[in-house]
Structures are given as structure tokens and as C-alpha cells.
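The values are calculated or read from the model by the stated rules, or taken from the named source; none is laboratory data. Quick caveat, the model's predicted, so the values are computed rather than measured. When we count neighbours, we look across all protein chains shown, and the Cβ atoms used for this are built from the backbone with ideal geometry, even at glycine. Please note that ligands, DNA and RNA were not included when accessible areas were found on the heavy atoms of the full protein model with its side chains. Shrake-Rupley method; radii C 1.70, N 1.55, O 1.52, S 1.80 Å.
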Amino acid sequence: MNRFALAALALLLAGGARAETVISSAPTAHMSCSDGTCTPTAKNAVLNASDLQGMLAAGDVTVATGAGAKSIAVEAPIAWASTHTLTLHPDLNVNVKAVIAVEGGGGLNIAPFVGGDLVMFPTGRIDFWDTDSSLTIAGAPYTLIADLPTFQQLIQEHAGGGWYALTKDYDAAGDGTYQNSVYWKLTAVFNGLNHTIANLNVAYESDSNNGFIGYNYGTIRDVRFANAHVSGGHAGIAAGTTVGPIVNVSTSGTVEGLDAGGVVGYVDDTFERGTTITRSSSSANVTGGRECMIGGLVGGGYQITISYSHASGTVSPGAHAMAGGLAGFATNVVQSYATGHVAPTALYAYERLGGLLGATPYSQSNVVDSYATGQVDGPGRQSEAGGLIGSASGSSVRTSYATGLVTGSKDDPRLKHKVGRWGGFSGRDRTGQNSDDYWDVDTSGRDSACGNKCSGITGLSDAALKSGLPAGFDRKVWAQDPSINNGYPYLLKNPPE
């Protein structure tokens, strides 16, 4: 992630104000350390990383917040080989922006926090050199694992429950092919500590849940999958199907299935509790099945909230599918974007295809502060294809835009009955709740916002869309720069990579 993304994520997680205990390479300042406990005397307190390492050589150390400092930020590398434990005790977040390395038999304790989280920035990770070391996060004792076969064995012994953390990057190429998943039904928390699992290969069985986890009831977070290859029924690199949250997961590779997505194939709404996918991304190319949901990030499902996420892979749906650059079908999307090409492989009678979403549910849904730039091909004679959404139902779509080329079949001589709907923004709009939305009339190849009548969506020339933020776009959310995002508006908290 580039420097713009790092700055944006800092704003997101710190609320824009510097109120942290910072562990950095700068000299210690505004900190009081006594009897192994360091507390701030001002909200802009600094603890020098070398000073902290020296204290850890001699004993256990606790770093806390106070005096206006709410979070702890690790901005310089920390490493210790002693058997002592570092406790980070924030009021809000622990923001890891550099490497924390537990090199001996010591431990790391992230003390319980109210309303906060352990937040892994792109430049941060937590390494353990010995799986006999200790890690506790918010009171939960984690089992440290260094490879996937060990994880598979341990989690089977505990029937899918517990807390697990990956101690280092892992190359799964030597594992061969996993049948359906590494583990089929997770009720645990899996935290990758920002490590990468490379070359994961999960094989196909029809009507199965295929991915790193087949069916996720727990939490998958802070892990990167590189060059993964997954095929199956509900197919996604992180999870074939999920009920539980997905946090800070990135993927690359290929996915092929029925309901299929770069991170998650299908979101199960059986329990009607809602599922969140946040700060996640995928560049995987996704191929989906007939009459299914296919997306660059998530295939689809009811009661999904996708936030601060993006996808860039090619999305290739089967016949009569719902397919989108981000998700085939989703309820809520916040500050997210997609850049991939949505490209069916043949002429089909009916598809719902969008640069961001294939379709939204008839129940109330929201798309806000989001955009799509990828091409959308709607070749079928009854296709509903739009630069942002293929078919919008029951949706409130606000402060969003689309620039991608939208192609249709009206000029295709093979089709005698051409009743599809194609628009620069939506293929078909059933909402009437659009406001401060825009499409690029030059790059989209469309002179209408929707394939039917719609309102609240304004066409702008390419030059106009690049000349300044459109009316209604909040400058606390959006920014614009000729050298970023090809000059189009971008999200401060989720900038382009």
C-alpha cells in the first residue's frame, strides 16, 4: 500500500488527532517509567524503542495510555530475545506500524480494551521465533502456529474452536492440494498477524464450501494470501462461506466456483445477524457459475456490510448471474471501490452486472461514498448492466460515481430481441433514492444514467469529473489530485494502491 493509503488509514484509526503513546526511534519524551510500567504525562508521549528493548532485557514491561493519550502506536521496530513479556495497555487501539519481534521465549500481551482493537497497518506485523512463546489479545490466549498442517491438526483436536495466530510468513506450495479447505468449519479466531500465506491450493468438490476455511463461523483477520488457487461450490480464498467477520484480509490468485469471490464466496444470512467485511482487498481473478453471485471481493448474500475495501480482479460470471467488480449481491457498501473488468464469457438471456455491485436486495440497502472504474460488458439480450450497479432495488445510493465503459447488445446482429437495460451508472434503477451521484459520459459510452428512468444522477464530462470534487462530495471523505487515481476523486480512508 502506498503512502497515501498509509496516511488515510492513520486518519481512519486515530480519528485525525494525535493522541497516542508512540513507540518510535525518537527520544523518550513525556513518559514516566517506574518499576516496569511506562505511562504518558501528556497526550503526545514518546517512548524510544531502544529504551524499551533495554527494559525488556531486564524484566517485564507495561506500556500504557493516559494523560489524553488513548491509543498506543508502534512506529519503530521492537525486538527482544529474553523470556520477559511486553504488555501494551491502551484505552482504545494498539496500532502496529512496524515489526514487533519476540525472538526468545518471552511474550506479548495486548491488554483488554473498550471499543478499540489491535490494528495492523500495512508496514506492521508481529513475529514470533518460537511457538512456545505467549500471545494474549484482549484476554484471549492464542495458540501460536508456524505452518498450516499444524494448524489443521490442532484445530481438529479442538473441534474448530479457540484462538490461533500465525507466527511468520508461510509458503503452502509444499503442502500439495487441500481438499475443500484447510479446515472445514471454523468457530475460532484466526489472526495472521499480517503475515502472508503463499501458494495455497484448494481443490474442487461440487456443492462444497471451499477456501482456506470452508465455513467460517468465527473471525478471520490480518492475513494476506498470495497466489492462491481455489475452486469449489461456494468458493473464496479466505472462506467459501462466512457468517463471521472478515477484517484486514487481502488476496491474490484465482477463484472458480458457483458463488465465488476473491475473499469470500458466499455470506450465509441464516442467523440474520449481519456480516461485516472491512479493510479487505483482492486482486484475484474470479470465475463464477450459472444463476449465482460472483464478485471481485465477495460473491454475495443478504445482510453484508462491506467497508473500506476494494477489488481489482477480472470477474467472469456464468449465465443468468449477478456479478460485480466488488460483489455480486450486497446490502451495504461504505467507502469502497472496484476497478476490475466484469466480463461474461458468452451471450446469455439475463444477467445483472455492475462495476461495483451486480444487484442490491429489495429490502433497504445503502451504497455511500463508493465508486467503480472497470468496464462492464452486458451482452445478453435482457442484461441489466451499469457502471456502478446492474440492478438497484430498495437502495439509497449517495455520493458515488462510475467511469467504466458499459457495453450492451443493441448493435449485436445475433440478437433479434434486444430488451436489456444499460446505463452509465445503473442498468435498472428501482430506488428513486439517488443523490449526488455521477457518471462519466465520455468514458462510459453512455448518454443516460440508467437503462430506465431515474433521478439524482448527473452526467459529467471526463474533464469536469477530473477538475474538482463534484457537488455533495465531502472533503473530509474525498480528495482529488492529478497524480492519484488518474485524476478522479479518491477516498481519503481507502485510497487507490
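Quick notes on this structure:
- Over all Cα atoms in the range 34-150, the spread is summed up by Rg and Dmax: 13.7, 47 Å.
- Here the accessible area is traced with a 1.4 Å probe on the protein chains. For the range 161-283, carbon and sulfur cover 47 percent of it.
- Prolate/oblate/rounded label for the range 103-203 (Cα gyration tensor, a/c 1.5): prolate
- Degrees between helix 3-14 axis and first principal axis of the chain (Cα, 0 to 90, nearest 10): 70
- Applying a 4.7 Å Cβ-Cβ cutoff to the chain, the cysteines left without a disulfide-compatible partner are CYS292.
- Directionally averaged shadow of the range 125-272, computed from the convex hull of its alpha-carbon atoms, nm²: 8.1
- Cα gyration tensor shape of the chain, rounded if a/c is under 1.5, else prolate or oblate by comparing a/b with b/c: oblate
- Global geometry of the range 422-497, whether rounded, prolate or oblate, following the gyration tensor of its Cα atoms and the 1.5 cut on a/c: prolate
- Amide N of the range 350-364 lying under 11 Å from the label point, which is placed 7 angstrom from the Cα of ASP269 along Cα→Cβ: 360-364
- If you sort LYS43, LYS493, LYS453 by accessible surface, 1.4 Å probe, largest first, the order is LYS453, LYS43, LYS493.
- Estimated from helical segments only, the mean residue ellipticity of the chain at 222 nm is -2000 deg cm²/dmol, where each DSSP H run of four or more residues counts as -39500 (n - 2.57).
- Packing rank of 69-82, 285-298, where each peptide gets the mean count of other beta carbons within 10 Å, highest leading: 285-298, 69-82
- Checking the Cα-Cα distances for LYS70/LYS97; LYS168/LYS493; LYS97/LYS466; LYS97/LYS168 against a 24 Å cut-off, the pairs over it are LYS168/LYS493; LYS97/LYS466.
- Packing, taken as the mean count of other beta carbons within 10 Å per residue, orders the peptides 463-469, 213-219 from highest to lowest as 213-219, 463-469.
- A Cβ-based charge dipole, computed about the Cα centre of the chain with Lys and Arg at +1 and Asp and Glu at -1, lands at about 1380 debye.
- Normalised contact order of the range 137-250, rounded percent, pairs of Cα under 8 Å and 6 or more residues apart: 22
- Take the chain with all the other protein chains still there, run a 1.4 Å probe, and you get 36 Å² of accessible area per residue.
- Length available on full extension from ASP447 to SER32: 0.36 nm per residue minus the Cα-Cα distance, which gives 142.9 nm.
- A probe of 1.4 angstrom, applied to the heavy atoms of all protein chains, finds HIS84 with accessible area near 40 square angstrom.
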